[in-house]
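The next block holds one structure in the form of structure tokens; read it before the comments.
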Amino acid sequence: MKPFQAHCRRTLDTIRAQGRYRTFTALEKRADVYPYYLRPDGTRVLVWSSNDYLAMGGHPVLVNAARDAAAAMGVGAGGTRNIGGTSPLHDALEAELADLHGKQAGLLFTSGFVSNQATLATILNSRPAGADRPWHVFSDAKNHASMIAGIRGAAAEKAIFRHNDMAHLEALLQAAPAASPKLIAFESVYSMDADIAPIGAICDLAERFGAMTYLDEVHAVGMYGPNGGGVAERDGVAARVDIIEGTLAKAFGCHGGYIVGDTDVIDFIRSTAPGFIFTTSLPPLLAASALASIRHVRADHERRALLFQRADALKQRFDAAGLPRIDSVSHIVPLHIGDAALCTEVSQRLLGEFQMYATPINYPTVPVGQERLRFTPGPLHTDAMMDSLVEALLAIVPASRRIAA
């Protein structure tokens, strides 16, 4: 066995022994019965962990838009944006995204991961005019892996501030060289802890210390704010954020990532980011469905309100049953388990015994000892579904893990 093969085997054996080996569950997403999926044997499974937050993935508006675009333009984009891969749909989608966030320009990427990684690395590897020092980036301790990848791939000074801790961020900014160009990178809704950043307070510090702000809104776009523009829109601070990053793959039910911001900044990323320049563009059918989804969601206030009502209903049921819910101010409902093997077991038993699916979240996504199940109830999860879920969890989660009444 070659040395690297031996390394792979040892690592995998360790992961299995720790109870955090990841197995993929084959489930067929069905537009006609969502949030039910189908197993290979045809059994229906009620899914509680989908990122299709608004149940838009199978909406007729999206399906028809994708079907029409595929019939007219085929399936693949045929090239990069510079080599035949830009259609009027791509241009219209970027304009719609910019308008959604109240920004001058938008730029599409093949995924939210790529948009974060490519944009952050490109900015932080640049040297602004007059700057005699490298960038100094300040990253929230619980930022997504895609943001971390972009930051690590940059020749920048790096500082990590304690999660949502404004005093720590201020101290780090104060200690940084005044002449260094600065950027604060953070998220709005943190999907594992289900909490929300104080965007306005971060902008206050950014303005005080002359820093740019980079906000990841992937778990908020489509849902928060009067038009679904995210938490920054809800809080009335979107204009103060320099770059907003989002996804088309969650609330909008499609695929792809994007950034929006000042025209020159977006054009700079468009013109210099390898992760944008050298990859095939989104297929036109995805651009068409995403454009249709955004326009529909912006006007569908009832659907967005129902999402939060459903999340609150599940939180209340978990609390009444003494299930160890992690406190949440967002639409995401995490349930603390605290042991990797047990977390995996609870998920497997939910699926095997009750035909329900909730993803186990283990290390390295969360720290050891903070393992959890992550529930994302949506507009189509009924009271009866929630009652059945609670009954199943009470039958599976050990009494020692529950909260006393």
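Considering only the range 225-247, state which residues are within 17 Å of ARG303 (Cα to Cα) and open to solvent by 10 Å² or more (accessible area, probe 1.4 Å).
Within the range 225-247, GLY225, PRO226, ASN227, ARG234 meet the criteria.
Pick from the range 129-159 the residues that are surrounded by fewer than 17 Cβ atoms within 10 Å (Cβ to Cβ) and basic (Lys, Arg): which of them is farthest from the chain's Cα centre (by Cα)?
ARG133
Taking GLU345, is it surrounded by 15 or more Cβ atoms within 10 Å (Cβ to Cβ), among the charged types (D, E, K, R) and in a helix (DSSP H, G or I)?
Values: surrounded by 15 or more Cβ atoms within 10 Å (Cβ to Cβ): yes; among the charged types (D, E, K, R): yes; in a helix (DSSP H, G or I): yes.
Answer is yes for this residue.
All but one of (1) open to solvent by less than 10 Å² (accessible area, probe 1.4 Å); (2) closer than 24 Å to TYR53 by Cβ; (3) of a type outside the set (Lys, Arg) hold for ILE184; which doesn't?
That leaves (2) as the condition not met.
Could you look through the range 329-340, keep only residues that are assigned to a loop (DSSP other than H, G, I, E, B) and open to solvent by 10 Å² or more (accessible area, probe 1.4 Å), and pick out the one that is farthest from THR365 (Cα to Cα)?
Taking the range 329-340 as the starting set, the residues that turn out to be assigned to a loop (DSSP other than H, G, I, E, B) are 329-332, 337-339.
Checking the rest, the ones that are also open to solvent by 10 Å² or more (accessible area, probe 1.4 Å) come to 329, 338-339.
On the way: VAL329: 20, GLY338: 13, ASP339: 13 Å.
Looking at the filtered set, the residue picked out is VAL329.
For the range 187-221, name all the residues that are of a type in the set (A, V, I, L, M), open to solvent by less than 20 Å² (accessible area, probe 1.4 Å) and within 23 Å of the chain's Cα centre (by Cα).
Initially, the range 187-221 is screened for residues of a type in the set (A, V, I, L, M), giving 189, 192, 194, 196-197, 199, 201-202, 205-206, 211-212, 215, 218, 220-221.
Now restrict to residues that are open to solvent by less than 20 Å² (accessible area, probe 1.4 Å): 189, 194, 197, 199, 202, 205-206, 211, 215, 218, 220-221.
Across the range 187-221, the qualifying residues are VAL189, ALA194, ALA197, ILE199, ILE202, LEU215, VAL218, ALA220, VAL221.
Return the only residue of LYS315, LYS250 being closer than 30 Å to SER400 by Cβ, open to solvent by 10 Å² or more (accessible area, probe 1.4 Å), among the charged types (D, E, K, R) and at pLDDT 95 or above. Outline the logic, then answer.
Working: LYS250 fails: closer than 30 Å to SER400 by Cβ.
From the options LYS315, LYS250, the qualifying one is LYS315.
So which residues in the range 160-169 are open to solvent by 10 Å² or more (accessible area, probe 1.4 Å) and either over 18 Å from PRO198 (Cβ atoms) or in contact (Cβ under 8 Å) with a residue 24 or more places away in the chain (or both), if there are any at all?
Narrowing the range 160-169 to residues open to solvent by 10 Å² or more (accessible area, probe 1.4 Å): 160, 162-168.
Those that are open to solvent by 10 Å² or more (accessible area, probe 1.4 Å) and either over 18 Å from PRO198 (Cβ atoms) or in contact (Cβ under 8 Å) with a residue 24 or more places away in the chain (or both): HIS163, ASN164, MET166.
Provide a single number: the residues in the range 377-401 that are within 29 Å of HIS144 (Cβ to Cβ), touching a Lys or Arg at 6+ places or on another chain (Cβ under 9 Å) and open to solvent by less than 40 Å² (accessible area, probe 1.4 Å).
Here the count works out to 6.
Being over 18 Å from GLY222 (Cβ atoms) and in contact with a Phe, Trp or Tyr (Cβ under 8 Å, 6 or more places away or on another chain) is the filter here; which residues of the range 294-323 pass it?
First, pick out the residues of the range 294-323 that are over 18 Å from GLY222 (Cβ atoms): 312-323.
Listed by number, the list holds a single entry, LEU314.
Being buried (at least 20 other Cβ atoms within 10 Å of the Cβ) and among the β-branched types (Val, Ile, Thr) is the filter; apply it to the range 253-298 and report the residue that is nearest to the chain's Cα centre (by Cα).
The selected residue is ILE259.
How about the range 300-315: which of its residues are in contact with a helix residue (DSSP H, G or I) (Cβ under 9 Å, 6 or more places away or on another chain) and closer than 17 Å to SER388 by Cα?
Restricting attention to the range 300-315, the residues satisfying the condition of being in contact with a helix residue (DSSP H, G or I) (Cβ under 9 Å, 6 or more places away or on another chain) are 303-304, 310, 313-314.
Correct list: ARG310, ALA313, LEU314.
The values are calculated or read from the model by the stated rules, or taken from the named source; none is laboratory data. Just so you know, these numbers come straight off a predicted model, no measurement behind them. Don't worry about glycine lacking a Cβ; one is built from the backbone with ideal geometry, like all the others, and counts go over all protein chains shown. Please note that ligands, DNA and RNA were not included when accessible areas were found on the heavy atoms of the full protein model with its side chains. Shrake-Rupley method; radii C 1.70, N 1.55, O 1.52, S 1.80 Å.
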